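Here's the structure, in structure tokens; my notes come after.
The values are calculated or read from the model by the stated rules, or taken from the named source; none is laboratory data. Just so it is clear, the structure is predicted and the values come from calculations on it, not from any experiment. Glycine also receives a Cβ, built like all others from the backbone with ideal geometry; neighbour counts cover every protein chain displayed.
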Amino acid sequence: MKLIRIHCHTDQGDTIAEYQMECHPDLLTIYNKMGIIDLKDDRIHFEDLLRLNKILRLKKNCGVNTIGATIIVELLEKIENMQDEIERLRRK
């Protein structure tokens, strides 16, 4: 399944309209209910879009289920944040 067609020059800043994505709306609703993404007025924030892309790639390429892929992505985000914090502290 093709995941997403991104139009970064939207009139809503850093959100993407649901209809601009090559992803079934029901799937987006399920992920919204699970707390994986945040849909507001049928729009998804760009960071959520990137997270969703990573999750769906893990599912497709590695055979990881949705919950496992979500946990992996969250842990990777925490590692990146900690690495940024370590780098910031080293500069002081």
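Determine the pairs where a residue that is of a type in the set (Phe, Trp, Tyr), located within the range 45-70, has a partner that is surrounded by fewer than 20 Cβ atoms within 10 Å (Cβ to Cβ) with Cβ atoms under 6 Å apart, the partner being 6 or more residues away or on another chain.
Between residues of the range 45-70 that are of a type in the set (Phe, Trp, Tyr) and residues that are surrounded by fewer than 20 Cβ atoms within 10 Å (Cβ to Cβ), the close pairs are PHE46/ASP14.
With the checklist (1) modelled with pLDDT of 90 or more; (2) surrounded by 14 or more Cβ atoms within 10 Å (Cβ to Cβ); (3) not hydrophobic (A, V, I, L, M, F, W, C) in hand, flag the one item THR10 doesn't pass.
Evaluating THR10 over (1) modelled with pLDDT of 90 or more; (2) surrounded by 14 or more Cβ atoms within 10 Å (Cβ to Cβ); (3) not hydrophobic (A, V, I, L, M, F, W, C) leaves (1) as the failure.
Every residue in the range 36-90 that is among the polar types (S, T, N, Q) and at pLDDT 90 or above, please. Let's see the steps before the verdict.
We begin by selecting, within the range 36-90, every residue among the polar types (S, T, N, Q); these are 53, 61, 65-66, 70, 81, 83.
Once the filter is applied, which keeps residues that are among the polar types (S, T, N, Q) and at pLDDT 90 or above, the range 36-90 yields ASN61, ASN65, THR66, THR70, ASN81, GLN83.
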